[in-house]
Amino acid sequence: MKFDTPASSNPIDQLKVIGQPASRIDGPLKTTGTAPYAYDRYDVIPNQAYGFVLGSAIAKGRIVSMNLSAATAYPGVITIVTAQNAGKLGKGDFNTALLLGGPEIQHYHQAIAVVVAETFEQARAAAHLIRVEYARSKGLFDLAAEKPRGVAKDDSNTTSKSAVGNFTQAFSSAPVQLDASYSTSHESHSMLEPHATIAAWDGDQLTLWTSNQMIAWAVSEVSKTLRIPKEKIRVISPYIGGGFGAKLFLRSDALMAALAARAARRPVKVSLQRALIPNNTTHRSATIQRLRIGATKDGQITAIGHENWSGNLSGGGLEAGAVQTRALYAGANRMTSNFFTLLDLPEASSMRAPNEAPGLAALEAAMDEMAEKLGMDPIEFRLKNDTQVVPDYPAKPGASDAQSNTAQGAKRNPHPPFSIRQLTKCFQIGAERFGWDKRTSKPGQVRDGRWLVGMGTASAYRDNIVTKSAARVRLDKRGHITVETDMTDIGTGSYTIIAQTAAEMMGVPLEKVTVRLGDSSFPASSGSGGQWGGNSSTSGVYAACIKLREAIALKAEEHQAKAQQAKFNITDAVFSDGKIQSGSQSILLADLAGSRGLVAEDAIEFGDLDKRYQQSTFGAHFVEVGVDAATGEIRMRRMLAVCAAGRILNPKTARSQVIGAMTMGVGAALMEGLEVDKRYGFFVNHDLAGYEVPVHADIPHQEVIFLDETDPISSPMKAKGVGELGICGVAAAIANAVYNATGVRVRDYPITLDKLIGKMPTMV
Amino acid sequence: MRGFTYERANSLAEAVATAAHTKGAKFIAGGTNLVDLMKLQVETPTHLIDINDLGLDKIETKPDGGLRIGALVRNTDLAANEHVRRDYAVLSRALLAGASGQLRNQATTAGNLLQRTRCPYFYDTNLPCNKREPGSGCSALGGYSRQHAIVGVSDSCIATHPSDMAIAMRLLDATVETMRPNGLIRSIPIAQLHRLPENTPHIEYTLEPGELITAVTLPKPLGGTHIYRKVRDRASYAFALISVAAIVQRDGAGRVALGGVAHKPWRVEAAEHDMPRGAKVLTAGLLSNARTTHDNAFKVLLVERTLASVLNEAKG
Amino acid sequence: MTTFDPSRRKFIQTTAVSSGAVIAARLTTEAEAKSVLQPKQVTEPAKINILLRVNGSEHQLMVDPRMTLLDALRERLHLTGSKKGCDQGQCGACTVIVDGRRIVSCLTLAVMQEGHEITTIEGLGTPTNLHPMQAAFIKHDGYQCGFCTPGQICSAVAMLDEVKAGVPSHVTADLTRPPEMNTVEFRERMSGNICRCGAYSNIQEAIAEVVGERA
């Protein structure tokens, strides 16, 4: 199904099942420990051996020698795979560094060997016996030091530079100016399930039970890396213990398991040990950002400039913190630049809301600083500069202007309208709900016992991405619907919203829908990432259901003809209560399925509506913090997010997406930072004691309000993504609240007490 | 984890004797620190003596009004003990500020005292560490050292002792009772249990090889206001940046010990007479020979501010 | 008060030598290298026969003494509900209940748990016969990816028993009185169970509901 005109009224609008706060259909499995995650799959194939991955002890250089003799001789050891005996390997398009290093080493903890043994204990002990001699070479590990050598270059997703009007002149002549620099830290996804895979070969056929957000990408990347045809690869990933971007791509667990299983000639299971996660896998790059905002005295932005520096290995992508600044606020003169800085740290890649999460941490703090200079309320300042068109819309990377014109041949609109933008409403509702009028604009005024109390707010903004997604839907003779798609559920609620979509479309109760996900033998979906999954994958299911409805209607026609009943009018057919109905006639779906059932498969394919309109999601965050007047410890007291993100397919699971993102935002604001040892070139705090993420005690009750919104330009579901919107702006809202509480502006995240106490009033 | 043999000890004397004559033997009780370090091969015992069945898990009042705490009393039970809550509240508070509910259910009194540092370079066997590999160098010096010690440090090591409980024990002048390999009992004042790193940071305690802590005793209650203030980035389940344990009497006199600043619980008795003079003077006395790094220099001010807050709180 | 001058550090001098040039760095000690050659390092530790009592059933197992309780449950008994999130006692995903108390099963050895009554998530309830805490997690969406969930639920069940038994916590205002059954207490007490998806607010709703039902 091609989606190239805005959706009109369709069966989804009934909202009998979809749009309702259904509990997750996978809940009984997840809460009883019976949902099968990758490393749990003892049942899928017998005789599994254990693989233990050894990571490089240096960040950059070469392996001079590897002595495997003691490890090989260790009891229970079956085989050891290194770059020397792995055979010739390719590299996946999405990987920057090789997943198996050696002799050249590209980053700390790059996998250099997998030891396979009969038991986990044996594999681990033997791995410690591998003796490696390295030649260490000099590397670049310090973003701040390398920043002057940063270059503005596009990556596959992002145009690095843009400009409208004359920023320099407008900024220098602006009556009120802000020029401030901010930084965000390297961050680790730190999902609770480490990357894990069981690999088994049957002749030249490889099966991977793994934990991966993007099944079709995984197949294609395995194919490129192992240099085997895609048809020989099956990837199965029905349950994923968190991803947040860390499992978008093929990672070393899967490759090492596959290589190990091939060498051992039996199935091998591999789970990366926690201490490998920050350095072996990917992380979000730190950023350094410079914000310049010029405005008239009454708060009209006349110039806005945002420059952003991030680091990565050669060939890696950007953490493009300046991108949302092209779209969020009005202003006639503007510029953005995203600079790539070469670093020899582990590979940087996407983490929840790449670009916007760190970008808004800076922009939205700067907006508050500017509001204060103007003597304006921070919300008033933002709303004054609201816009219904995109102020700065550069061509996509690599596209000539002609190529980026729409399919209809219309010239690329340099200022496309937003499909729907209700940012102002988010702030208005939020301000009232949160009691924003009780905020004192002068900082450091509110005290509650030991605590200095402050409120903060920030805009949330994240683009809505739509992408092709296919599904297969089957009706069986019990009237039961089964949906199959390689879509993944990484905690997002895919199982449930897909079941709700199918139930709504086919007119059956939720209990009569079975959803099977995460298997490359199913039709290829959008997968999970970039908050595109929920909207795109349910649209794919919608498309398949439309096809199945047509097939059922045809059967109904035949059925009526056979029974010599009045002709069934397909065009006004309604699917409801397990029946297809037309006028006064109705037939049970079960009766039309036949013994073999009816199957339909289709994909949603998106036209150019996302070029003619800017599709984005919006929100407003409100937080209240307490700062210990003595120690500078910061604790969250209240949190509210108001979100405008199209139709909410399930308010219960969508709310969870938002509170989860808010929680990760608290981490980024207050505690998360991978600390670089600039001599050795690695992240030092590479476990969950050293890299602190929020715990229960850090998170107060969280409130989420969704605006009642539909976006027919986005998809037939009229929905948008919401999983990343929730993190966007949270860090800045907290920084603004800390400032409001203490009068101390910290521009370097995370905001830890050591950055505050020197500037707070002395204790007596 | 290297291979080891395992036994469950049935008698104290036997356990101590076995430990003394078995090279590479270690006692295991809660296991929360040892098992973790064995996985990384930071600890490589060849023989484990499980002492959980030795009945060292009683808390008894002593004739002098003090308390005798068995070495194997779990952290949860010690914190929940009614005598401790009433008379040694700082100890209860310190225990409850540490680790998590699960870990406190496992961890023991003696094990907590003997916890090893959480320095990330000690944990990462790819990096030099004098504590792990004597003579290899200290990676924390010149490296990431925000959590590290600021007093009592040496050129060999700037690691901290991670325990909260031990800070309160030091404040309370606890005494450690041990059984030595020869079967004899001895008492070690807690001030003498932990060592400063000097140039032998791998030797952390004054215990002899095979010597087993059997109990910790507390002198009779001191009265006063008991406060344990742990300062950390996240609200729970995190090691201290610094912590302050204090007992303050009505007249402002009292005692104070610091955590998160040294290789051992940090207490300077001579500085305590300055308590009534306020936090600044007290801090100067407690941290007089501080040697900080770029990353942890903030701890000096943090100690001062936290002490000020604690002294204020004690005033009521 | 002095600050360390890194330029005087021996280590830094070594690094300086390596700048630009390439040096060989041996990252193992002689002691470690030698120990490899010792025959005792390449012999298997003798397996030990143990009787584990899990969810009311007894299991006779020959285990490597190095095997953690977590690995024994998962790899030998195939009770895979308890998860290995970190294997370092830093996440709580492996929480099980032993003799009524919650512990992290990754930091105890299977051989140490003979004679104890172990309850895992599988012993609390099943998809068709849910424990009230499991049902409350579903109702309040107290999970997302589900990986930390078994640990959260085991922890929550045993945590409530701790409060009932009068065990105080870091946030208990008055140590001389029994702790209160409230969310401030529950948040502190559940902090040993990390949920990276950030379902905390909903988990607290679930626990509060179970407490309400009990009360």
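Looking only at residues in region A:156-183 that are assigned to a strand (DSSP E or B) and open to solvent by less than 10 Å² (accessible area, probe 1.4 Å), the one that is nearest to A:Ser520 (Cα to Cα) is A:Tyr182. Across region B:25-47, the qualifying residues are those that are more than 9 Å from chain C (Cβ to nearest Cβ) and buried (at least 23 other Cβ atoms within 10 Å of the Cβ), and the one among them that is nearest to B:Gly210 (Cα to Cα) is B:Phe27. Among the residues of region B:119-136, those that are open to solvent by less than 20 Å² (accessible area, probe 1.4 Å), part of a loop (DSSP other than H, G, I, E, B) and facing another protein chain (nearest Cβ under 9 Å) comprise B:Asp124, B:Leu127. Across region A:110-120, not a single residue is classified as buried (at least 22 other Cβ atoms within 10 Å of the Cβ), of a type in the set (Gly, Ala, Ser) and free of Cβ contacts under 8 Å to residues at least 60 places away in the same chain. Annotation note: of A:Asp698, A:Asp708, the sole residue that is under 27 Å from A:Ser459 (Cβ atoms) and surrounded by 21 or more Cβ atoms within 10 Å (Cβ to Cβ) is A:Asp698. Close Cβ contacts (under 7 Å, 6 or more residues apart or on different chains) running from residues in region B:244-269 that are open to solvent by less than 10 Å² (accessible area, probe 1.4 Å) to residues that are of a type in the set (Phe, Trp, Tyr) and outside any loop (DSSP other than H, G, I, E, B) comprise B:Ala245/B:Tyr228; B:Ala257/B:Trp266; B:Leu258/B:Trp266.
Of the residues making up region A:629-665, those that are of a type in the set (Gly, Ala, Ser) and under 27 Å from A:Lys755 (Cβ atoms) are A:Ala629, A:Ala630, A:Gly632, A:Ala641, A:Gly660, A:Ala661, A:Gly665. Across region A:123-155, which residue is farthest from the other protein chains (Cβ to nearest Cβ) among those that are among the small types (Gly, Ala, Ser) and assigned to a loop (DSSP other than H, G, I, E, B)? Per the criteria, the residue is A:Gly150.
Residues that are outside any helix (DSSP H, G or I), closer than 29 Å to C:Tyr200 by Cβ and more than 11 Å from every other protein chain (Cβ to nearest Cβ) within region A:482-502 comprise just one, A:Met487.
Selection of region A:243-273 for residues being within 14 Å of another protein chain (Cβ to nearest Cβ), under 21 Å from the mean Cα position of the chain (by Cα) and open to solvent by 10 Å² or more (accessible area, probe 1.4 Å) yields only A:Phe244.
Scanning region A:577-596 for residues being buried (at least 16 other Cβ atoms within 10 Å of the Cβ) and not β-branched (Val, Ile, Thr) gives a total of 10.
Among helices (runs of 4 or more DSSP H) entirely within region C:74-191, having at least 3 residues that are in contact (Cβ under 8 Å) with a residue 24 or more places away in the chain, open to solvent by 50 Å² or more (accessible area, probe 1.4 Å) and more than 19 Å from A:Lys30 (Cα to Cα) singles out no element at all. Among the candidates B:Ala94, B:Ala89, B:Ala20, B:Ala99, the residue that is of a type in the set (A, V, I, L, M) and within 30 Å of B:Pro181 (Cβ to Cβ) is uniquely B:Ala20.
Does region A:503-517 include one or more residues that are assigned to a loop (DSSP other than H, G, I, E, B), within 14 Å of chain C (Cβ to nearest Cβ) and in contact (Cβ under 8 Å) with a residue 24 or more places away in the chain? Checked region A:503-517: at least one residue is assigned to a loop (DSSP other than H, G, I, E, B), within 14 Å of chain C (Cβ to nearest Cβ) and in contact (Cβ under 8 Å) with a residue 24 or more places away in the chain.
Taken as a whole, the condition of being of a type outside the set (A, V, I, L, M) and surrounded by fewer than 24 Cβ atoms within 10 Å (Cβ to Cβ) does not apply to A:Lys720. Checking each residue in region B:219-243 for being surrounded by fewer than 24 Cβ atoms within 10 Å (Cβ to Cβ) and at positive phi picks out B:Gly223, B:Gly224. If you take the residues of region C:94-153 that are in contact with a Lys or Arg (Cβ under 7 Å, 6 or more places away or on another chain) and of a type in the set (S, T, N, Q), which of them is nearest to A:Ala661 (Cα to Cα)? So the residue we want is C:Thr149. The numbered conditions (1) within 11 Å of chain A (Cβ to nearest Cβ); (2) more than 21 Å from B:Asp53 (Cβ to Cβ); (3) open to solvent by less than 10 Å² (accessible area, probe 1.4 Å) are all true for C:Arg66 except (2).
Within region B:84-102, being surrounded by fewer than 24 Cβ atoms within 10 Å (Cβ to Cβ) and either touching a helix residue (DSSP H, G or I) at 6+ places or on another chain (Cβ under 6 Å) or at the interface with chain C (Cβ under 9 Å from one of its Cβ atoms) (or both) holds for B:Arg85, B:Arg86, B:Ala89.
Of all residues in region A:549-589, those satisfying the criterion of being part of a helix (DSSP H, G or I) and either at positive phi or touching a Leu at 6+ places or on another chain (Cβ under 8 Å) (or both) are A:Ala551, A:Ile552, A:Lys555, A:Ala556, A:His559, A:Ile570, A:Leu589. Annotation note: Cβ proximity below 7 Å between a residue of region A:302-324 that is open to solvent by 10 Å² or more (accessible area, probe 1.4 Å) and a residue that is assigned to a helix (DSSP H, G or I) (sequence gap 6+ or interchain) occurs for A:Thr302/A:Ala170; A:Trp309/A:Leu143; A:Trp309/A:Lys147; A:Val323/A:Gly359. Evaluating A:Glu104 against the criteria (1) surrounded by fewer than 16 Cβ atoms within 10 Å (Cβ to Cβ); (2) away from chain C (no Cβ under 14 Å); (3) touching a strand residue (DSSP E or B) at 6+ places or on another chain (Cβ under 8 Å) leaves one unmet condition, (2). The set of residues in region A:1-56 that are open to solvent by 50 Å² or more (accessible area, probe 1.4 Å), within 12 Å of chain C (Cβ to nearest Cβ) and in a loop (DSSP other than H, G, I, E, B) comprises A:Pro21, A:Ile25, A:Thr34, A:Tyr42, A:Asp43. When A:Asn67 is tested against (1) open to solvent by 20 Å² or more (accessible area, probe 1.4 Å); (2) in contact (Cβ under 8 Å) with a residue 12 or more places away in the chain; (3) more than 12 Å from chain C (Cβ to nearest Cβ), just one condition goes unmet, and that condition is (3). Please tell me if B:His263 is more than 20 Å from A:Arg635 (Cα to Cα), within 12 Å of chain A (Cβ to nearest Cβ) and in a loop (DSSP other than H, G, I, E, B). No.
If you go through region A:70-81 and pick out every residue that is within 30 Å of A:Gly518 (Cα to Cα) and either surrounded by fewer than 24 Cβ atoms within 10 Å (Cβ to Cβ) or facing chain C (nearest Cβ under 10 Å) (or both), you end up with 0. Filtered by the rule that a residue be in a helix (DSSP H, G or I), within 10 Å of chain A (Cβ to nearest Cβ) and not basic (Lys, Arg), region B:266-302 gives B:Ala279, B:Phe298, B:Leu301, B:Leu302.
The values are calculated or read from the model by the stated rules, or taken from the named source; none is laboratory data. All of these numbers come straight from a predicted model, not from anything done at the bench. Cβ coordinates were reconstructed from backbone atoms using ideal geometry, including for glycine residues, and neighbour counts include every protein chain displayed. Surface areas here come from the heavy atoms of the whole protein model, side chains and all, with no ligands, DNA or RNA. Shrake-Rupley method; radii C 1.70, N 1.55, O 1.52, S 1.80 Å.
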